[in-house]
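Novice: Can you keep this structure in mind? I'll have questions shortly.
The values are calculated or read from the model by the stated rules, or taken from the named source; none is laboratory data. Being a predicted model, the structure only gives us computed values, none of them experimental. As a convention, Cβ positions derive from the backbone with ideal geometry for all residues, glycine included, and neighbour counts pool all protein chains shown.
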Amino acid sequence: MLNKVVIIGVVTLLFLGGPLIGNAFAAPVDVNAAISNAQTAADTAFMLLSAAFVLLMTPGLAFFYGGFVRSRNILNTLMMSFVLMAIVGVTWILWGYSLAFAPGNPIVGGLEWFGLNGVGYEITDYLKGSNPSEVISYAPTIPHQAFMIYQAMFAIITPALISGAIAERMNFTAYSLFVLLWSTFIYSPLAHMVWAKGGLLGLYGGWGALDFAGGTVVHISSGVSALVAAIVLKPRKTYPDRLSPPHNVPFILLGAGLLWFGWFGFNAGSALASGALSTAAFVATNTGAAAAALTWLILEKGLRGKPTAVGAATGAVAGLVGITPAAGFVTPVAAILIGSITAFVCFYAVSFKHKLQIDDALDTFPVHGVGGTVGAILTGIFATTAVNSAGKNGLFYGNPGQLITQIAAIVVAYIIAGVGTWIILKLIDVTVGLRVKEDAELQGLDINEHGEEGYNEEFGDRINLSSKQ
């Protein structure tokens, strides 16, 4: 009996213990490789999630803008944002990303990556950069395509911001052509100049301007272009004598909430890795938005007697705009100051725009153009290497030259966006035309441009009434 037990034990060890014994003599685990793989997985997941957050901002913007316009134009306004996900979602893959980030000259990238040629799932030497400081612009731990698709979401929402200035009067075909040309000839070059290696304005071989997540590239470019577009298109037929109040304030609050939510991907994701820098940007983003919303409400209460929902939403967006270029470079206390100062300036910019009687329908320039400008300037004041060692100190920390660099970059962005937008609009005007006919504008763009209605009330009730008669 004992012999049988011994034999069974030996057989068990051979079948079950053998692999364990073999593992004891196997090569040791490469701890550094395991850590690197774990970091890559974590950062890639973080970046893909951030990209999804930023994409959600475009429908959020659609609701934010849609709540302001008359009900007969709600679908057209929503579509002016939504269509960007289709147009730029394709052009960015074909040539937009290459023009923005491929090796080229200080102004624009080349076509080396046309159609994502050479842009795969590997972590390329180019994306790693030549020194650790380039982590804030190039990602040493994520696949090249993860970086590409994250940047695509910025390219999608930026021209959509312009639609707020030209709402309720622009031909949808002309608008679609405009955003196609604008994203190609204005957005991609500006992105290259600020964020690409060797770009004219940025940290990576350029002037050294600080723009963590798009103060110049996104907000100044779209805000200035919006102002030019509003002037070129001329006012709506009902402006300024017969303007309607926002038709759906809950839409405005919903849109602002979605923008606030998505902005965490916009700013924190611009760290291009999960860690301390993304945390700093996340905290600064929320803090700046909160301070701005509070400041706007206080101004409304003190000057107009009542704090409004529209004011809270507008103030929050202004604060998000202002903190964008600074998010990865400033402390939380500085974020409070940036949010409050931006809201204060934007509040009065909206009023001043009305005095000038420029029909920037949804205040795109006063919020995005002015807010982006203020944020970029304040970045040059409050930036500190204590938050981001890859950045630079600002005026407050003993480097007044950074403020001059910020202003110089702002001027360049104004010129490129303003002149470029004017040229594109004039070309479209002499080819397909910019505006809808006067009757169509008065009836509403939903039924005339899209053949459908948002609420089935503007014309549906009239048709039903006529049939009964």
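Novice: Cβ-Cβ below 6 Å, separation at least six or inter-chain, first residue in the range 70-99 and more than 22 Å from Asn456 (Cα to Cα) and in contact (Cβ under 8 Å) with a residue 24 or more places away in the chain, second small (Gly, Ala, Ser) and not in a helix (DSSP H, G or I): which pairs?
Specialist: If the second residue must be small (Gly, Ala, Ser) and not in a helix (DSSP H, G or I), the pairs left are Leu99/Gly109.
Novice: I would also like to ask the following. Taking the condition farther than 18 Å from Gln151 by Cβ and modelled with pLDDT under 95, does Gly255 pass?
Specialist: Spelling it out, it is not the case that Gly255 is farther than 18 Å from Gln151 by Cβ and modelled with pLDDT under 95.
Novice: OK, next. Any residue at all in the range 272-295 that is among the aliphatic types (A, V, I, L, M), closer than 16 Å to Gly215 by Cα, modelled with pLDDT under 95 and in contact with a helix residue (DSSP H, G or I) (Cβ under 8 Å, 6 or more places away or on another chain)?
Specialist: No, the range 272-295 contains no residue that is among the aliphatic types (A, V, I, L, M), closer than 16 Å to Gly215 by Cα, modelled with pLDDT under 95 and in contact with a helix residue (DSSP H, G or I) (Cβ under 8 Å, 6 or more places away or on another chain).
The rows are residues; the columns are (1) surrounded by fewer than 24 Cβ atoms within 10 Å (Cβ to Cβ); (2) more than 17 Å from the chain's Cα centre (by Cα).
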| site | (1), (2) |
| --- | --- |
| Ala191 | no, no |
| Gly202 | no, yes |
| Trp207 | yes, yes |
| Leu210 | no, no |
| Gly215 | no, no |
| Val224 | no, no |
| Ala229 | no, yes |
| Lys237 | yes, yes |
| Pro240 | yes, yes |
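Novice: Quick one: in the range 295-335, which of the residues that are polar (S, T, N, Q) and touching a Gly at 6+ places or on another chain (Cβ under 8 Å) is farthest from Ala386 (Cα to Cα)?
Specialist: Thr295
Novice: Return yes when Pro245 is farther than 20 Å from Gly66 by Cβ, surrounded by fewer than 24 Cβ atoms within 10 Å (Cβ to Cβ), at pLDDT below 95 and not aromatic (Phe, Trp, Tyr) and no when it is not.
Specialist: no
A quick yes/no check of all residues on (1) under 34 Å from the mean Cα position of the chain (by Cα); (2) assigned to a helix (DSSP H, G or I); (3) of a type in the set (D, E, K, R); (4) modelled with pLDDT of 55 or more:
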site	(1), (2), (3), (4)
Gly22	no, yes, no, no
Asn32	no, yes, no, yes
Ser50	yes, yes, no, yes
Met57	yes, yes, no, yes
Ile74	yes, yes, no, yes
Leu84	yes, yes, no, yes
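Novice: Within the range 45-84, how many residues are buried (at least 21 other Cβ atoms within 10 Å of the Cβ), among the polar types (S, T, N, Q) and more than 14 Å from Phe266 (Cα to Cα)?
Specialist: 4
Novice: So which residues in the range 403-419 are in contact with a Ser or Thr (Cβ under 8 Å, 6 or more places away or on another chain), surrounded by fewer than 23 Cβ atoms within 10 Å (Cβ to Cβ) and either part of a loop (DSSP other than H, G, I, E, B) or not β-branched (Val, Ile, Thr) (or both)?
Specialist: Gly418
Novice: Let me ask another. Of the residues Val330, Val317, which is farther than 19 Å from Phe53 by Cα, modelled with pLDDT of 95 or more and in contact with a helix residue (DSSP H, G or I) (Cβ under 8 Å, 6 or more places away or on another chain)?
Specialist: Val330
Novice: Something else: Could you grab me the full set of residues in the range 74-104 that are closer than 12 Å to Gln151 by Cβ and of a type in the set (Val, Ile, Thr)?
Specialist: Listed by number, the residues that qualify are Val88, Ile93.
Novice: For the range 345-386, name all the residues that are more than 22 Å from the chain's Cα centre (by Cα) and under 13 Å from Gly315 (Cβ atoms).
Specialist: Correct list: Tyr348 only.
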